[in-house]
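Notes follow the structure.
The values are calculated or read from the model by the stated rules, or taken from the named source; none is laboratory data. The structure displayed is predicted, hence computed values, not measured ones. Cβ coordinates were reconstructed from backbone atoms using ideal geometry, including for glycine residues, and neighbour counts include every protein chain displayed.
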Amino acid sequence: MTAATGNSTTTSAAPVAAPGDRGQGAMTLAELGRWAGRQSTRLAAKFDLGDSEQDRAFILLAQAAKLGEEAGELQREVLGFVRYQRAEKLDGFTQQSAADEIADVIICAAILAARMGVDVEDAVRQKVARVSL
């Protein structure tokens, strides 16, 4: 919901609950895709971005940059996990911290896919079928 106040615009959006947060068990790729679509819409509203070509390009580039950031954090976790970091950097690398970064990468990729109109479930199914030959 957007409310104009003078010359500025404020945006408020309800938090988006992930399907797994409601006690439904494992999240499917289809659920992730739907959640990512809602999250993408919420993020666009939060930053007051519309449907212009420029705004759509900005959102895609920003999400791609975010995905790159999260991939870098995952790489750092992997290096820590296999102890290929300097000794002073090794504290804090756990299976949970690695899992968190893996989740961040998957979430960012799902949001990017939603923005690009890619069905995550279908894309993964097709890719797995191709690489399983």
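Within the range 101-123, identify whether any single residue is touching a helix residue (DSSP H, G or I) at 6+ places or on another chain (Cβ under 9 Å), surrounded by fewer than 16 Cβ atoms within 10 Å (Cβ to Cβ) and among the basic types (Lys, Arg), and answer yes or no.
Among the residues of the range 101-123, not one is touching a helix residue (DSSP H, G or I) at 6+ places or on another chain (Cβ under 9 Å), surrounded by fewer than 16 Cβ atoms within 10 Å (Cβ to Cβ) and among the basic types (Lys, Arg), which makes the answer no.
Being surrounded by 15 or more Cβ atoms within 10 Å (Cβ to Cβ) and under 16 Å from the mean Cα position of the chain (by Cα) is the filter here, so list the residues in the range 88-99 that pass it.
Ala98, the sole residue that qualifies.
Please indicate, with yes or no, whether at least one residue in the range 37-52 is acidic (Asp, Glu) and in a helix (DSSP H, G or I).
There is no residue in the range 37-52 that is acidic (Asp, Glu) and in a helix (DSSP H, G or I).
Quick check on the range 94-115. Is at least one of its residues on the phi > 0 side of the Ramachandran plot and either part of a helix (DSSP H, G or I) or not acidic (Asp, Glu) (or both)?
no
When you look at Arg76, is it in a helix (DSSP H, G or I), modelled with pLDDT under 95 and of a type in the set (Lys, Arg), yes or no?
Yes, satisfied.
Give just the number: which of (1) modelled with pLDDT of 95 or more; (2) loosely packed, with under 13 Cβ neighbours inside 10 Å; (3) of a type in the set (Lys, Arg) does Arg83 not satisfy?
Here Arg83 meets the rest and fails (1).
Sort through Gln85, Gln126 and tell me the only one that's of a type in the set (S, T, N, Q), assigned to a loop (DSSP other than H, G, I, E, B) and free of Cβ contacts under 8 Å to residues at least 40 places away in the same chain.
Gln85
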